[in-house]
Structure formats: C-alpha cells, structure tokens
Amino acid sequence: MKQRLRVGLLLMVMLGLMSCGKKQEPDPGSSTEKKEGIVIGLSFDSLAIERWQKDRDTFIAEAEKLGATCVFQDANGDARKQNEQCDLLLSQGVDVLVIVPKSATAAARAVQNANAAGVPVLSYDRLILNSKPDLYISFDNVRVGRMQAEYLSSRKQGRYFLLGGAPDDNNAHLFRQGQMEVLQPLIDQGKIDVIGQQWCEGWSPNKAREIMENVLVSVGTEMDVLLASNDGTAGGAIQALRQQGLAGKVLVSGQDADLQACKRILEGTQSMTVYKPLKTLATRAAQVAVELAEGKEIASTQTVNNGAIDVPSVLLDPVMVDKDNLEEVIVGDGFHSKEDLGL
Ligand code: BGC
C-alpha cells in the first residue's frame, strides 16, 4: 500500500513538475532522493494574472532549496476543480497543502479534508473562510485598499466609480473595507459622489472592460476617479476609458505592480499601483510550509478570524507606487528591470 502511494506520489510529482513549466523539469538523477523528502501540494486558483507565476516560481525555488518537492495544480478559475485537485493531492500523500483559493468559502471543503487526513494547510495570500487552516500568509489587505483610496481622494474628489474584485475572494472585501474607511467620511461630507459600483467576477480584465463600457454608456462619461482594486481590472477598464478619450483624464488605481500597469503609470493612463513584495511572501510561505510539514509550531504575531477560528497569520506590508517612486521601488527591488519598463 505504502509502495503504491509512493509510486503514485512520484508520478504526481513528475506531472506536477511538468505543469510547472520548463524551469521545473524533473531531474532524473535526484528523483529517488527527493521522493523521500517533504512533498508540498500547491493548489492555485489560476495563473492568468502575472503575479501568480512569480508566486509559484519563487515558492518552488525556495522549497527546492530546502530539499522539498512541489506538486503544482492550477484550477483555472474553477472552485470545484480546485477541490478535486486538492483531494487528489491529499490522496497522493502530500505532507502539506498550500492553497490560493478561488472561492473563500468553497475551499473550506479542501481544508476539512486535509484536516481529516492530518495534513496541515497554508492559506496563501487569500483567507479560506469557515474552516481550520493552520496558517494564513498574506499582506495587510485592508491597508492596500486604504492606500488606493487615500492616493486618489487626496488628489481628486467628485464622481467615483468603484470597481471591486472577485466577490468570492475574501481579499476583494478587505480591499473594499480599507477603501471605504477612507471614502465614507468624504462621501458623508458630500465631497465624493459614488456614481456606481460593481464586483468583477474572477478578477477578469475583459469583464472589467465590459463593465466600464456599460457604465460609460448608462451613467455617462462624467467620471473623475475609477477606484479599481487591482491592475488587471484597471487595465481592462482603461481600455474602455481610452475608447472614449478618457484615459489619462480619469484617475485610476490598481495593485500588483504588473509590468503593463507600471508602463501605464509611466505613460500616465493609470495613477498608482500597490506593490506587494511577492518574493518575500512566497519565500516565507515556502519556509513555513516546510516547517508545517515537519510538525513545527509557526511563530505568528497575529491572528485573523475566518468565521470558524482565529487563524494564526503573517501579514506583510504593501508599498504605494506612483510615477514618482516607481523606478526606486520597482526597479530597486528587482521586481521589473529598467529595460522591461522601457526606462
Ligand atoms: C490578490 C491580488 C490579485 C487578485 C487577482 C487577490 O486576491 O491579492 O494581488 O490581483 O487576487 O488575482
């Protein structure tokens, strides 16, 4: 039985590594040694947005440095598929499960199944609700939302459209919470008029463009500020603004410091982004994933309630970026090169 599990696991490791892309080609010479070590099951909502590829690559590189092997699964934005993939990883005997949940609530099932199998779970970047993950590692996401709203409202008040993220992602609500902490007093004072708001299913840039096209038709083109919660949706919406000659006139926020967003900031069609040092997040996550697999206690300074428990949490600091500090922060931290940014 154990032997069958091991063979299955090795197969999964190889398949997983293949799906990780060229960099993670299995090394036949070291596979025997690796299968005796810690195996980390990595389940991502999607790789569609630039950042997640960096998260994955950095995580895997650090885990391998620590002697662990990663089996990677991409759910392609499908919550049901993600739970099936998590079950598969559990059935293959992974030592720890690292999940970027598509749905904050649906992924609770994967956590329950992992708990039942005695496999620790790390909730990566997004919190899984109503369940018992062992650790949540992310950024201070309420602060991200506050940074976006503070930047915009200190430059322009007036007519605001609020473009939220995926409604089933807990982060989308944390960003909105932070945004409203800043905006609500200004709304109450009559300085800001929210002309509309909408969530954007799957954080899809295409849907964001459609939403903005419809808004510009139904509400009109009189808009001062577009509060977009991330760069992908900002990019989609800016396409719609561009069609109406409004790109660069309407202030637009974002988050992630995607390469295209950084270029838009330099050209002036996006006002700001929030940089989140992914290398620190992914490296730290890989280290704690190995420690969880080894049954070690993880030192965390805070907890976040997820509806079921106070989840031990590690929340890192985000950084506000606009055209004045883009080069210093983004190039300085090695996130994008001067060349890639066209500087
Ligand atoms: C992340 C953002 C990301 C978004 C879409 C959020 O949960 O915190 O960094 O842009 O998901 O993938």
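The residues of the range 181-206 that are open to solvent by less than 50 Å² (accessible area, probe 1.4 Å) and of a type outside the set (Gly, Ala, Ser), listed by number, are Val182, Leu183, Leu186, Ile187, Ile192, Val194, Ile195, Cys200, Trp203.
Only one entry in Tyr136, Tyr160, Tyr151, Tyr124 is more than 18 Å from Trp203 (Cα to Cα), aromatic (Phe, Trp, Tyr) and within 19 Å of the chain's Cα centre (by Cα), namely Tyr136. Number of residues in the range 67-93 that are in contact with a Gly (Cβ under 9 Å, 6 or more places away or on another chain) and open to solvent by 40 Å² or more (accessible area, probe 1.4 Å): the value is 3.
Across the range 51-66, the number of residues qualifying as surrounded by fewer than 20 Cβ atoms within 10 Å (Cβ to Cβ) and among the β-branched types (Val, Ile, Thr) comes to 1. Pairs are defined by a Cβ separation below 7 Å, a sequence spacing of at least 6 or placement on different chains, a first member in the range 315-343 that is among the small types (Gly, Ala, Ser), and a second member that is outside any loop (DSSP other than H, G, I, E, B); the pairs so defined are Ser337/Val331; Gly342/Lys263.
Of all the numbered requirements in (1) within 16 Å of the ligand (Cβ to nearest atom); (2) outside the structural domain of Glu297 (by TED's automatic domain parsing), Tyr151 misses one, and that requirement is (1). Any residue at all in the range 213-227 that is more than 16 Å from the ligand (Cβ to nearest atom), touching a strand residue (DSSP E or B) at 6+ places or on another chain (Cβ under 8 Å), of a type outside the set (Phe, Trp, Tyr) and closer than 30 Å to Asn130 by Cβ? Checked the range 213-227: no residue is more than 16 Å from the ligand (Cβ to nearest atom), touching a strand residue (DSSP E or B) at 6+ places or on another chain (Cβ under 8 Å), of a type outside the set (Phe, Trp, Tyr) and closer than 30 Å to Asn130 by Cβ. There is no residue in the range 207-219 that is part of a loop (DSSP other than H, G, I, E, B) and buried (at least 16 other Cβ atoms within 10 Å of the Cβ).
May I ask you to verify whether Val225 is in contact (Cβ under 8 Å) with a residue 60 or more places away in the chain, surrounded by 20 or more Cβ atoms within 10 Å (Cβ to Cβ) and not basic (Lys, Arg)? The answer is yes for Val225.
Look at Asp55 and say whether it is charged (D, E, K, R), modelled with pLDDT of 95 or more, touching a Leu at 6+ places or on another chain (Cβ under 9 Å) and within 12 Å of the ligand (Cβ to nearest atom). It is true that Asp55 is charged (D, E, K, R), modelled with pLDDT of 95 or more, touching a Leu at 6+ places or on another chain (Cβ under 9 Å) and within 12 Å of the ligand (Cβ to nearest atom).
Could you check, for the range 156-163, whether at least one of its residues is open to solvent by 50 Å² or more (accessible area, probe 1.4 Å) and within 16 Å of the ligand (Cβ to nearest atom)? No.
The values are calculated or read from the model by the stated rules, or taken from the named source; none is laboratory data. Fair warning: this is a prediction, and the values are worked out from it, not measured in the lab. Here the Cβ is made from the backbone with ideal geometry for all residues, glycine too, and neighbour counts use every protein chain on show. Remember, those area values only see protein heavy atoms, side chains included, never the ligands or the DNA or RNA. Shrake-Rupley method; radii C 1.70, N 1.55, O 1.52, S 1.80 Å.
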